[in-house]
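As C-alpha cells, the structure follows; a few thoughts come after it.
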Amino acid sequence: MSLRLVLAAALCALCAAPATSQPNPTLVGRVTDAATGDPLAGAAIQGVGQAYGRTFERSTSTDSDGRYALWIEGDTLALTVSFLGYETWTSRVDVRALDSDGSTATLDVWLFPTEALLGEVEVTADEAQARLGRDVRPVAVLEGAELDDSRGATLAETIEGINGVTALTTGPSIQKPVIRGLHSDRVLVLENGVRHEGQQWGAEHAPEIDPFSGGRIEVIKGAAGVEYGAGAIGGVVRIEEEDLPTESGLGGRLSLQTFTNSAQGAGSLLLEGAPSGLPGFAWRAQGSLRRAGDARTPDFVVRNSSFAEASGHLTLGYRRGPFEIDGHLRRYATDLGIYRGAHFGNVRNLEAIIERGGPNPNWNYEFSYDIAAPKQSITHDVASLDAHTTFGDGHHVDATYSVQRNDRQEFDAHGRLGDDNRNEPRAAFDVALLTQTLDLKVEPNVSDRARLVVGTQARTQLNENGESGFLIPNFRAYDGGLFAHGSFAATSALTIDAGLRLDGRTQRAFPRNRGTRQIDPVRRTWVGGSAVVGGLLALAPTWSVAANVGSAWRPPNISELYSFGVHHGTALFEIGDPDLSVERSLDASATLRHESGFASAEVSGYVNHVFGYVYALEQPEPSITIRGSFPTFLTEQADARLAGVDATVELRPQSWLSLGA
C-alpha cells in the first residue's frame, strides 16, 4: 500500500469524510465608487468556481459601508461585482495571490459609473449571461489543493474519486479512466487542447500522460461528440496546465513522493518565469521521474511488475494585446514489466493455474527493480502550437496545430534475441502511430443572451509496423469534421443548449489475408453525425435542474477490425472482424443540483444506448501456438444499454469541517 493511501485512510478514520487540512479563507473587501470613493451599499457579488470535483456558486451583497464577506472553496473563482448605474466588474481571482491572514483574504473593488443607467432588460440579460458558460451535462473539475493531493498518481487514479468515474487496472502503472462504464477509444483525453492519440485499443494500454502535469482536470460525463468528434461516446477528460506567469521573475515547485508497496519513488521539478527584458514572453519547464520495483501482495511478490517512467514538458508563450500564442513540447517514456505468470506453456498449465486460484505459493520470488520480458516499452512525443486572438466587437478565434508520435514495443516472454548478438530480446511487435491535427474554432460575439462556437478539424494518421509480428496492420487514415454549438438564455431562469456535428473518416489498411498470408489492401470510409440538445433551469437561488440528450459515434479501431495473433501484453489470442460497422450512441441524462453555504448536492441519472457495441467474447477453447496456449477472444458486435445514477452530497457544518458521501 502506498504512503498516500495510508494517509488517506487515516484521515477518513478521523473525520469520516473528505476535509481540507488548510481551509480556504473567506473573501472580504469593500466596493466603492472609483470616482468619489463613496461606498456602494447593496452591490451584488457573485463567485463561481470549482472545488472537490464540482461547481460551486456563492453570492452576497455589500452592507451600508460597502463591505462584503463571501465564503468560498477552491483556490480560484470567477468573481462578478455589479451595481445599478455602474459598469460590471468581472475577473478570475487567484485567492492565493491576495493578502491573507489565514482566515480572510482581502479584495477591494472600484466600480466606474456608466453614462446611462441600465434598464431592466439589460439587468436580466446580465444575469442570464452568467449561465451561458455552464454545461448542461454533468461536469466535474479537479484543481488547486485537491489536485495537489493526488500528484504522482496515474491519470485514472487521479480522477477515479470523481462521482461516476472508476479505473480499469491491469498493472501497478497501467490504469485507464472509465466514465460510466466506458473506456479506451470511447473516452477522449485532451491535454492542453490536443487530443491524445495513443494506441488505446488494448486493455493494458494506458494513456501516456505525465502524472505531475496539469493544473486543472475537467471530466465531462456522457456523449460529447459535437465538440470533440468521433469517439466521445462515454465522455471526455480535459487536462490543462496553469496559466503562464505574467509578472517578471522566477518561480517553481518541487514534488516528491514515496510509496511503501513496490518501494516506489516519484518526483517532479517545475520552473517558470517571465523575463523582464522581453515583455509578453513567458516560459515553463517541467521534468518528472517515477521508479518502482515489484509490487507485493500479502502472500507473495508479483514477479516482473516493476516500471520506470520519465517525462518532460516545455512551454513557451507570448502575449501582446489581443494576440496570444503558446508552444508545447512534451515527451513521455516508460518501461514496464508484465506479470510473468500470465504467460504459460500449454493448456495443462492453464488448467492448473485456474484450479489453484493464483500463483504457486512455492514461488518465493525476491523483490527486484529489474524489468524483463514480457514487458512494454513506450514513448510518446507531442509538439503543438496554439494561437488565440480577439477582434472586432469581442469575436474570438482559436487555432491549434499538433503533431504526435506514439511508439509501442511489446516483448514476448519467449522472444528471439536481437541481430546484434547482444543478450537482449527483440520486440514481438513494434508499432508507431504518427498523427497530425489542425483545429480551428470561431466564437462570434452574437449577443448578451447567446453564445455560438463554430469550428472545423482535420487529422491524418499513419501506423507502421517495425517488426514481423503483425497483430495489427499498417494503415493510413484521414479525418475531417465540422460543427456548430451554441447556448441561448431564453429567460432569466432557462438556458437552452444545442449543437450539430458531421465527421468522416477514410482508412486504407494493409492486413494479411489469413488464407493466403499475403497483404490485401482494404479501403473503408465511415461518415457519422453527432447532436446535442439540453437545458438548464434555475428553480431557486440554490437549486437548478439540467437535462441533456446527446448522440455520438465511433468507427471501429484497427485492432477490432484486423487483429489476428497473440497480444503479448495481455497474453491473449485476439481475432478481429473486418466487417464491423460503426458504434452509435444515444445518451440521455438529468441532473438536480443544490448549492448553498451549508451544503452541496448533486444527483444525476443517465441511460446510454449504444447501437452496434463492439466487444471481445472469450471462446470455449484456447489457441495453441509455438509460444504456448492462450485464451482466445473473438470480436463481436451487439446493442448495449448502460444506465445508472450518480449522487453526491457534502455538508459544511463548520468552516473547518466538511462531511461528504
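The values are calculated or read from the model by the stated rules, or taken from the named source; none is laboratory data. As the structure is a prediction and not an experimental result, all values here were calculated from the model. When we count neighbours, we look across all protein chains shown, and the Cβ atoms used for this are built from the backbone with ideal geometry, even at glycine. Quick note on the areas: whole protein, heavy atoms, side chains included, nothing else; ligands and nucleic acids left out. Shrake-Rupley method; radii C 1.70, N 1.55, O 1.52, S 1.80 Å.
Give me the pairs: first residue in the stretch 486-500 and within 9 Å of Ala450 (Cα to Cα), second residue open to solvent by 40 Å² or more (accessible area, probe 1.4 Å) and not hydrophobic (A, V, I, L, M, F, W, C), beta-carbon distance under 7 Å, and six or more apart or on different chains, which are they? Once the first residue is within 9 Å of Ala450 (Cα to Cα) and sits in the stretch 486-500, its partners that are open to solvent by 40 Å² or more (accessible area, probe 1.4 Å) and not hydrophobic (A, V, I, L, M, F, W, C) give Gly486/Arg451; Ser487/Arg451; Phe488/Arg449; Ala489/Gln129; Ala489/Arg449.
Scanning the stretch 39-88 for residues that are acidic (Asp, Glu) and closer than 26 Å to Asp646 by Cα, which turns out surrounded by the fewest Cβ atoms within 10 Å (Cβ to Cβ)?
Filtering the stretch 39-88 for residues acidic (Asp, Glu) gives 57, 63, 65, 73, 75, 87.
Among the residues that remain, those that are also closer than 26 Å to Asp646 by Cα are: 57, 73, 75.
Numbers: Glu57: 19, Glu73: 24, Asp75: 21.
Ranking the qualifying residues of the stretch 39-88, first place goes to Glu57.
Listed by position, the strands (runs of 3 or more DSSP E) inside the stretch 448-533 whose residues that are over 24 Å from Pro556 (Cα atoms) and of a type in the set (Ser, Thr, Tyr) number at least 1 are 474-489, 494-510. Under the condition of being open to solvent by less than 60 Å² (accessible area, probe 1.4 Å), aliphatic (A, V, I, L, M) and not in a strand (DSSP E or B), the residues counted in the stretch 267-296 number 1.
Within the stretch 303-321, restricting attention to residues that are in contact with a Phe, Trp or Tyr (Cβ under 6 Å, 6 or more places away or on another chain) and free of Cβ contacts under 8 Å to residues at least 40 places away in the same chain, the residue that is nearest to Asp210 (Cα to Cα) is Leu316.
Confirm whether Asp299 is buried (at least 17 other Cβ atoms within 10 Å of the Cβ) and either outside any loop (DSSP other than H, G, I, E, B) or not basic (Lys, Arg) (or both).
Details: buried (at least 17 other Cβ atoms within 10 Å of the Cβ): no; either outside any loop (DSSP other than H, G, I, E, B) or not basic (Lys, Arg) (or both): yes.
Criteria not met by Asp299.
Residues in the stretch 623-637 that are of a type outside the set (Phe, Trp, Tyr), touching a strand residue (DSSP E or B) at 6+ places or on another chain (Cβ under 7 Å), in a strand (DSSP E or B) and open to solvent by 40 Å² or more (accessible area, probe 1.4 Å): Thr625, Leu634, Glu636, Gln637.
Here Val446 fulfils each of the conditions (1) open to solvent by less than 30 Å² (accessible area, probe 1.4 Å); (2) modelled with pLDDT under 90 apart from (1).
Residues that are under 27 Å from Ala647 (Cβ atoms), open to solvent by 20 Å² or more (accessible area, probe 1.4 Å) and not polar (S, T, N, Q) do not occur anywhere in the stretch 202-213.
Identify all residues within the stretch 144-160 that are open to solvent by 30 Å² or more (accessible area, probe 1.4 Å) and at pLDDT below 80; write none if there are none.
At the first step, the residues of the stretch 144-160 found to be open to solvent by 30 Å² or more (accessible area, probe 1.4 Å) are 145-146, 148-149, 157, 160.
Those that are open to solvent by 30 Å² or more (accessible area, probe 1.4 Å) and at pLDDT below 80: Ala145, Glu146, Asp148, Asp149.
Restricted to strands (runs of 3 or more DSSP E) entirely inside the stretch 34-116, those with at least 2 residues that are within 31 Å of the chain's Cα centre (by Cα) and of a type outside the set (A, V, I, L, M, F, W, C) are 44-51, 54-61, 76-82, 89-94. Of everything in the stretch 228-250 that is in contact with a Gly (Cβ under 7 Å, 6 or more places away or on another chain) and buried (at least 18 other Cβ atoms within 10 Å of the Cβ), the residue that is nearest to Leu168 (Cα to Cα) is Gly235. From Phe483, Phe470, which residue is touching a helix residue (DSSP H, G or I) at 6+ places or on another chain (Cβ under 8 Å), among the hydrophobic types (A, V, I, L, M, F, W, C) and either open to solvent by 20 Å² or more (accessible area, probe 1.4 Å) or modelled with pLDDT of 95 or more (or both)? Going through Phe483, Phe470 in turn, just one is touching a helix residue (DSSP H, G or I) at 6+ places or on another chain (Cβ under 8 Å), among the hydrophobic types (A, V, I, L, M, F, W, C) and either open to solvent by 20 Å² or more (accessible area, probe 1.4 Å) or modelled with pLDDT of 95 or more (or both): Phe483.
Looking at Asn474, is it free of Cβ contacts under 8 Å to residues at least 40 places away in the same chain and within 25 Å of Val566 (Cβ to Cβ)? Yes; evaluated as a whole, the condition is true for this residue. The criterion of at least 1 residues that are open to solvent by less than 30 Å² (accessible area, probe 1.4 Å) and either of a type in the set (Gly, Ala, Ser) or modelled with pLDDT of 90 or more (or both) is met by the following strands (runs of 3 or more DSSP E) wholly inside the stretch 551-622: 564-567, 583-595, 599-618. As an exercise: evaluate Ala399 against (1) modelled with pLDDT of 85 or more; (2) over 25 Å from the mean Cα position of the chain (by Cα) and give the number of the one condition it does not meet. Of (1) modelled with pLDDT of 85 or more; (2) over 25 Å from the mean Cα position of the chain (by Cα), only one is false for Ala399: (2).
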